[in-house]
Amino acid sequence: MEFKGFTLDDFQEEAVKAIEDNQSVVVSAATGTGKTLIADYVIHKHIHDAKIIYTAPIKALSNQKYKDFKTDYGAEKVGIMTGDVVHNPTAPILVMTTEIYRNMLLSKDQLVNDVSYVIFDEIHYMNDPERGTVWEESVIFSPKHIRFLCLSATIPNADEFARWIQTIKEHTVAVVHHAERAVPLTHMVFEEQHGLMTAKDLKELTDIPDINKARGGRRGRRERGRNKFSKPASPGEVIKEV
């Protein structure tokens with residue numbers, strides 16, 4: 001299947017099929033694998049007959065998506081609502097912080113009645129001890145006709161979360177997992193004398209026989225001491241390099 005000139009990956013096709021079946025979808029996929037293309041499909045499908053709300057956890061991300069959507073769909077079709085700015089609030093695509101959407105629900109804003117899909121970007125913020133209730137309330141108080149697209153690279157309990165939505169909203173929620181990374185993750189270790197190296201390189205380095213072990217006496221002990229690493233790498237010195 002192709003969309004916007006791209007051949008969809010299997011996990012994207014799985015999500016699109018669920019959207020076509022009028023289901024909510026929870027997508028757990030690594031950064032850079034194409035979750036945004038699924039959001040674009042939701043917008044493409046519903047833009048002519050309903051409103052789509054895109055929520056982000058922070059204003060900076062909301063502002064960035066607002067600019068992106070204006071480029072893709074035209075300024076007249078995109079609005080933004082944050083604590084700092086409200087522009088074109090009657091547009092079919094509305095970008096806002098999750099707090100703004102929650103407040104619309106609590107105030108019974110009639111605009112919500114025209115919404116078909118709510119896209120929750122970075123849905124793992126629901127696990128935040130201070131702000132997580134905002135996402136919970138956004139799901140709980142949404143009208144039952146609304147469907148959700150929940151996107152995250154790090155949600156640890158996607159299946160449990162989907163079952164929760166399905167229970168309280170009484171409609172099917174599909175879960176789409178995609179563990180493969182677009183860019184492989186390499187684990188590196190920093191060693192004080194030799195710098196950054198892979199764990200394999202470090203193992204090979206430490207396996208080199210120490211010729212001074214064959215020597216006896218005080219001089220041999222001094223040389224052996226100098227050839228040892230000054231100290232092992234601490235957990236804080238482990239670096240993940242993409």
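Observations, loosely collected:
- The stretch 15-30 residues that are assigned by TED's automatic domain parsing to the domain that holds Ile155 and within 9 Å of Leu149 (Cβ to Cβ), paired with ones that are of a type in the set (D, E, K, R) and assigned to a strand (DSSP E or B) (beta carbon under 7 Å, 6 or more apart): Ser24/Arg147
- Some residue of the stretch 161-169 being of a type in the set (Gly, Ala, Ser) and part of a helix (DSSP H, G or I): yes
- Test: residue in the stretch 63-84 that is in the same structural domain as Arg131 (by TED's automatic domain parsing), of a type in the set (Gly, Ala, Ser) and touching a residue at least 40 places away in the same chain (Cβ under 8 Å): no
- Of all residues in the stretch 27-46, those satisfying the criterion of being in contact with a Phe, Trp or Tyr (Cβ under 8 Å, 6 or more places away or on another chain) and over 26 Å from Lys77 (Cα atoms) are Ala29, Thr33.
- Complete set of residues in the stretch 128-143 that are within 19 Å of Lys65 (Cβ to Cβ) and in a helix (DSSP H, G or I): Val134, Trp135, Ser138
- Residue that is surrounded by the fewest Cβ atoms within 10 Å (Cβ to Cβ), among those in the stretch 113-129 that are in contact with a strand residue (DSSP E or B) (Cβ under 8 Å, 6 or more places away or on another chain) and closer than 14 Å to Ile146 by Cβ: Asp114
- Of all residues making up the stretch 64-85, the number that are closer than 16 Å to Val112 by Cβ and not small (Gly, Ala, Ser): 1
- Candidate set: the stretch 1-36, residues that are within 13 Å of the chain's Cα centre (by Cα) and surrounded by fewer than 18 Cβ atoms within 10 Å (Cβ to Cβ); chosen: the one nearest to Tyr66 (Cα to Cα): Thr36
The values are calculated or read from the model by the stated rules, or taken from the named source; none is laboratory data. Since we're looking at a predicted model, the values are computed, not measured. Positions of Cβ are generated from backbone atoms using ideal geometry, with glycine treated the same way; all protein chains shown enter the neighbour counts.
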